[in-house]
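Below is one structure, written out as structure tokens; comments come after it.
The values are calculated or read from the model by the stated rules, or taken from the named source; none is laboratory data. Just so you know, these numbers come straight off a predicted model, no measurement behind them. Because the Cβ atoms are built from the backbone with ideal geometry, glycine has one as well, and the counts that use them run over all protein chains shown. For the accessible areas, the whole protein counts, side chains as well, though only heavy atoms, and no ligand, DNA or RNA atoms are used. Shrake-Rupley method; radii C 1.70, N 1.55, O 1.52, S 1.80 Å.
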Amino acid sequence: TTEMGTFAIRVTGATRQYVRDGKATTAIEDVTFEVGDREVVALLGPSGCGKSTLLRAVAGLEVLDAGSVEHGKAQNGRPPAGIVFQEPLLLPWLTIRENVALGLRYRANRGRGGAGEVERALSDFGISAIADSYPKEVSGGQAQRASLARTVVTRPSVLLLDEPFSALDPATRGAMQDWLRDIIRREKLAAILVTHDVDEALAVSDRVLLMTKGPGSIVDSWDGPHSPESRAEARNAILGRYRTDIGLGATGSYAI
């Protein structure tokens with residue numbers, strides 16, 4: 001539950017431009033939103049709307065041309081955020097256990113835990129049985145669990161997720177969505193999930209922010225539904241807004 005008066009991330013007037021061949025393109029413009037403590041927010045929108053650029057700016061991997069990003073629990077000037085990308089990005093010469101432990105080896109994370117923390121993460125993420133396997137020997141879902149465990153074991157207060165399940169098959173993807181929400185709640189994290197899938201956004205998040213491109217900006221928001229009826233209502237409203245603002249095809253596909 002979000003605590004009143006607290007925030008994990010506050011983005012104000014975020015603008016980012018790229019210059020290619022002498023031509024400037026604005027990826028995101030004047031984006032403002034806040035993520036409450038322990039709140040999960042989905043950034044939903046079509047490819048090219050600047051979702052990933054915005055997430056990378058929150059992570060400190062992109063420098064904004066205007067605007068600011070504030071972290072509610074910044075420590076020693078270092079944002080306490082962990083980012084998980086579309087691909088697991090595991091090191092192939094390390095076992096799953098060694099990959100999970102990798103985050104704790106970096107200087108910034110020393111003193112945050114040891115072997116006991118790694119073993120607990122392997123157990124919590126359901127990958128203890130494959131801990132001695134190498135990345136090429138495990139499934140896509142298991143590899144992404146290992147990637148998430150490697151990030152969570154460093155104890156971030158905010159989890160940043162850039163379409164982490166897009167490469168998985170539908171059945172695995174659905175199971176991972178349910179599991180991710182449980183992990184976020186258990187670890188008491190705030191999170192930002194970038195996705196182009198309406199159902200994924202509604203399944204995982206407390207609040208959905210709809211982005212449109214040209215340049216990328218937030219055009220609408222929905223509080224996360226809890227009952228099947230309210231989720232269906234929100235889904236229809238989001239798809240309707242897509243059709244109006246973005247020109248969704250007649251198929252009504254939810255994977256946008």
For the stretch 165-173, state whether one or more residues are modelled with pLDDT of 90 or more, closer than 17 Å to Gln86 by Cβ, over 17 Å from the mean Cα position of the chain (by Cα) and of a type in the set (S, T, N, Q).
no
Farther than 19 Å from Val158 by Cβ, of a type in the set (A, V, I, L, M, F, W, C), within 15 Å of the chain's Cα centre (by Cα) and not in a helix (DSSP H, G or I): which single residue out of Leu193, Leu210 fits that description?
Leu210
Going by what's in this entry, would Gly113 be described as of a type outside the set (A, V, I, L, M, F, W, C), modelled with pLDDT under 95 and touching a Ser or Thr at 6+ places or on another chain (Cβ under 6 Å)?
no
Output the number of residues of the stretch 118-135 satisfying the condition of being open to solvent by 40 Å² or more (accessible area, probe 1.4 Å) and assigned to a loop (DSSP other than H, G, I, E, B).
3
Is it fair to say Ala171 is open to solvent by 10 Å² or more (accessible area, probe 1.4 Å) and either among the aromatic types (Phe, Trp, Tyr) or in a loop (DSSP other than H, G, I, E, B) (or both)?
no
Please go through (1) buried (at least 21 other Cβ atoms within 10 Å of the Cβ); (2) part of a helix (DSSP H, G or I); (3) among the aromatic types (Phe, Trp, Tyr) for Trp179 and return the number of the only condition it doesn't satisfy.
(1)
Checked pairs for the stretch 175-193, first in contact (Cβ under 8 Å) with a residue 60 or more places away in the chain, second open to solvent by 40 Å² or more (accessible area, probe 1.4 Å), C-beta under 6 Å and 6 or more apart or across chains, list as Lys188/Arg38; Ala190/Arg38
